[in-house]
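A.B. asks: Before I ask anything, here is the structure I am working with.
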Amino acid sequence: DVRPGTYCTIGRDWAQGDKVTLTLDMRTRMTRLDRMAAFERGPVVFARYSQSADGDVDECITVSPAEGGYVDAGLVDSPQGVWLTLGLPALRGGYAEGGVDDCQIRLCDFASAGSRWDERERYRVWLPMLYTPSQPDGGEIKGYW
């Protein structure tokens with residue numbers, strides 16, 4: 001009787017060899033708030049990290065979610081010191097940068113972001129979304145992927 005967003009209490013006497021098995025939804029979810037987006041996979045929150053060297057962590061991106069807010073993203077090889085890395089297909093850039101380009105950005109698990117304690121490295125969870133005022137929904141590109 002487990003409900004999302006709550007704790008599950010297991011009241012029992014435990015014996016040697018008892019096991020608890022968790023089945024989690026490991027699809028990548030996108031949460032939007034005020035023209036920003038954050039990404040989660042199961043219980044893990046991801047961040048854009050300057051160590052990935054795939055662009056500026058503050059640049060605007062556009063991601064086209066599927067139904068239910070899920071996105072087509074998968075785990076990719078992680079650099080040293082990073083536990084999990086997610087490859088996320090996106091559009092990035094804007095008019096100031098000379099146009100928009102199609103790319104894959106890399107997000108790392110939040111626990112690994114900044115773990116080297118290097119003040120030159122940056123990370124952020126809430127990523128700015130590209131905004132196009134001429135479009136009624138603010139520029140969310142539907143059906144691109």
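The values are calculated or read from the model by the stated rules, or taken from the named source; none is laboratory data. Computed from a prediction, not measured in an experiment: that's the story for all the values here. All Cβ positions, even for glycine, are placed from backbone atoms using ideal geometry, and neighbour counts span all protein chains on display. Please note that ligands, DNA and RNA were not included when accessible areas were found on the heavy atoms of the full protein model with its side chains. Shrake-Rupley method; radii C 1.70, N 1.55, O 1.52, S 1.80 Å.
A.B. asks: Is segment 87-109 home to any residue that is in contact with a strand residue (DSSP E or B) (Cβ under 8 Å, 6 or more places away or on another chain), over 30 Å from residue 10 (Cα atoms), without any contact (Cβ under 8 Å) to a residue 60 or more places away in the chain and of a type in the set (Ser, Thr, Tyr)? Write out each step before concluding.
C.D. replies: If we filter segment 87-109 for residues that are in contact with a strand residue (DSSP E or B) (Cβ under 8 Å, 6 or more places away or on another chain), which is where we start, we get 87-94, 99-109.
After this cut, where a residue has to be over 30 Å from residue 10 (Cα atoms) as well, the list is 87-94, 99-108.
Next, only the ones that are without any contact (Cβ under 8 Å) to a residue 60 or more places away in the chain stay: 87, 89-94, 99-106.
Restricting the remaining residues to those that are of a type in the set (Ser, Thr, Tyr) gives none.
For segment 87-109, residues in contact with a strand residue (DSSP E or B) (Cβ under 8 Å, 6 or more places away or on another chain), over 30 Å from residue 10 (Cα atoms), without any contact (Cβ under 8 Å) to a residue 60 or more places away in the chain and of a type in the set (Ser, Thr, Tyr): absent.
A.B. asks: Something else: Among (1) open to solvent by less than 50 Å² (accessible area, probe 1.4 Å); (2) at pLDDT 90 or above; (3) closer than 19 Å to residue 128 by Cβ, which single condition is residue 65 missing?
C.D. replies: Single failed check for residue 65: (2).
A.B. asks: Inside segment 9-62, can you point out the residues that are part of a loop (DSSP other than H, G, I, E, B), within 15 Å of residue 123 (Cα to Cα) and either in contact with a strand residue (DSSP E or B) (Cβ under 8 Å, 6 or more places away or on another chain) or charged (D, E, K, R) (or both)?
C.D. replies: Just the residues of segment 9-62 that are part of a loop (DSSP other than H, G, I, E, B), to begin with: 9-27, 34-35, 42-43, 53-60.
This time we only want the ones that are within 15 Å of residue 123 (Cα to Cα), so: 53-60.
Matches in segment 9-62: 54, 55, 56, 57, 58, 59, 60.
A.B. asks: Scan segment 12-31 for residues that are open to solvent by less than 80 Å² (accessible area, probe 1.4 Å) and either farther than 30 Å from residue 47 by Cβ or in contact with a helix residue (DSSP H, G or I) (Cβ under 6 Å, 6 or more places away or on another chain) (or both) and report the count.
C.D. replies: Start the filter on segment 12-31 by keeping residues that are open to solvent by less than 80 Å² (accessible area, probe 1.4 Å), which leaves 15, 17-18, 25, 28-31.
So of that shortlist, the ones also either farther than 30 Å from residue 47 by Cβ or in contact with a helix residue (DSSP H, G or I) (Cβ under 6 Å, 6 or more places away or on another chain) (or both) come out as 15, 17-18, 29-30.
Of the residues in that region, 5 qualify.
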